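The values are calculated or read from the model by the stated rules, or taken from the named source; none is laboratory data. A quick note: this is a predicted structure, and the numbers were derived from the prediction, not measured. Using ideal geometry, Cβ is built from the backbone for each residue, glycine included, and neighbour counts are taken over all protein chains shown.
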Amino acid sequence: MAYKRGDPLVERKPAFLAASAAVTWLVIVLGRVLIGLLYGYRVSGREHLAAIRGRRAVFVANHVLPLDPLFQACAIAPRRTYYTLLEETVLTPGLGTLVRLLGGIPIPPDPERLPAVDEAMRTALESRGLAHFYPEGECFLFNQELKEFKAGAFYYAIKHRAAIVPLVTVLKAGSGFAGRGLPGGAKAELHILPAIEPPEASGRAARDLHEALALARSVRAAMQARIDESGGDKSLYRGPMPRIRGVNDKER
C-alpha cells in the first residue's frame with residue numbers, strides 16, 4: 001500500500017477500498033471523542049449537506065487547527081471525501097499509508113504530473129462524489145482572517161460541474177469551555193454554508209481558470225463574512241503551523 005513517486009494518485013483496488021472504509025470509520029468514531037475534548041464539537045448547517053445528497057461536491061475550508069480534517073470528516077459523515085495534501089506527507093513511511101487510507105490524494109510538485117492530478121480529481125468525483133481542498137494552501141494556526149485562496153478547488157468544481165460547499169471553522173475565545181487544544185478556553189465551531197453553483201465549463205483552460213479565480217474571491221468573501229458575523233476571534237492567530245521535519249518541511 002506504500003506510495004511511491006509516479007504511482008496513481010487515487011488507489012481503487014478492492015482490498016485497499018475495504019481497508020480504507022474500515023480505517024476511516026474507526027478514526028471517525030474515536031475522533032469524535034478526541035475533538036470534543038480538544039476543541040468542543042459544534043456543527044451548524046448540516047441541512048446544506050442534505051441538499052447536495054447524491055451530487056458531486058467540492059468542499060473548501062479554512063485550515064486553522066491541526067485536526068481540521070478529522071473535525072470535518074466527522075461533520076460530513078456518513079459521506080466520505082477525498083482530500084488533497086502535499087506529496088511529501090504521503091511519502092512518509094507509515095503516515096503516508098494512513099493518510100491514503102483516509103482518502104488523501106497527494107499533489108506532486110512536478111508540473112508534468114498535472115494530467116495525473118486532473119485524472120485523480122475525475123476519479124474522486126466519479127467515485128465518492130466528493131473532494132476536499134484547503135484553498136489557503138496550508139494551516140494557519142487559529143487564524144480568523146482568511147488568506148488569499150488558490151484557484152485549484154474552484155477550477156475542478158467548474159470542470160467537473162460540482163457544487164462548492166464552504167466549511168468555515170469559527171474560533172470563539174472566552175466561551176466558557178475549558179478546551180485543551182485552543183488558547184484562552186476558546187471553542188471551535190464548524191459552519192457548513194449553502195452550496196454554490198459554479199459557472200458552466202467553457203472547455204478552454206484559460207477561460208475556466210479566470211472564472212475559478214473570480215469564484216475563489218467570492219467564496220472567500222462569503223466565508224470571511226461568516227467568521228465575522230459569528231464572532232471569530234482574530235486575536236488568537238499564532239502564524240503558520242510549524243512544518244514537521246521529514247514530513248512536510250520541503251518547499252512547495
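Contact map, the stretch 142-160: first residue modelled with pLDDT of 95 or more, second residue surrounded by fewer than 19 Cβ atoms within 10 Å (Cβ to Cβ) and of a type in the set (S, T, N, Q), Cβ cut-off under 6 Å, separation 6 or more or different chains; pairs are LEU146/GLN224.
Looking across the stretch 29-53, just one residue is at pLDDT 95 or above and either touching a Gly at 6+ places or on another chain (Cβ under 6 Å) or on the phi > 0 side of the Ramachandran plot (or both), and that is GLY45. Considering only residues that are closer than 18 Å to ARG56 by Cβ and either of a type in the set (Lys, Arg) or in contact with a helix residue (DSSP H, G or I) (Cβ under 6 Å, 6 or more places away or on another chain) (or both), look in the stretch 196-210 and name the one that is surrounded by the most Cβ atoms within 10 Å (Cβ to Cβ). For the stretch 196-210, the residue satisfying everything is PRO198.
What do you reckon, is LEU26 at pLDDT 95 or above and surrounded by fewer than 16 Cβ atoms within 10 Å (Cβ to Cβ)? So LEU26 passes the test.
Taking the stretch 57-79 as the range and being buried (at least 18 other Cβ atoms within 10 Å of the Cβ) and either part of a strand (DSSP E or B) or not aliphatic (A, V, I, L, M) (or both) as the test, the residues that pass are ALA57, VAL58, PHE59, VAL60, ALA61, ASN62, HIS63, ASP68, PRO69, PHE71, GLN72, CYS74.
Among residues of the stretch 8-33 that are free of Cβ contacts under 8 Å to residues at least 12 places away in the same chain, none has a beta-carbon under 8 Å from a residue that is in a helix (DSSP H, G or I) and not aromatic (Phe, Trp, Tyr) at least six positions away or on a different chain.
Of the numbered conditions (1) surrounded by fewer than 21 Cβ atoms within 10 Å (Cβ to Cβ); (2) in contact (Cβ under 8 Å) with a residue 40 or more places away in the chain; (3) touching a Gly at 6+ places or on another chain (Cβ under 7 Å); (4) not acidic (Asp, Glu), LEU171 satisfies every one except a single condition; which is it? Every condition holds for LEU171 apart from (1).
Number of residues in the stretch 90-106 that are in contact (Cβ under 8 Å) with a residue 60 or more places away in the chain and within 15 Å of the chain's Cα centre (by Cα) equals 5. Of all the criteria given as (1) free of Cβ contacts under 8 Å to residues at least 40 places away in the same chain; (2) assigned to a loop (DSSP other than H, G, I, E, B), the one not satisfied by PRO109 is (1). Would the stretch 227-235 turn up any residue that is within 19 Å of the chain's Cα centre (by Cα) and not β-branched (Val, Ile, Thr)? Checked against the condition, which is being within 19 Å of the chain's Cα centre (by Cα) and not β-branched (Val, Ile, Thr), the stretch 227-235 yields no hits at all. What do you reckon, is ASP208 farther than 25 Å from HIS160 by Cβ, of a type in the set (Asp, Glu) and in a helix (DSSP H, G or I)? No: the conditions fail for ASP208.
For the stretch 85-119, the set of residues classified as among the acidic types (Asp, Glu) and either farther than 26 Å from ILE158 by Cα or surrounded by 19 or more Cβ atoms within 10 Å (Cβ to Cβ) (or both) consists of GLU87, GLU88, listed by residue number.
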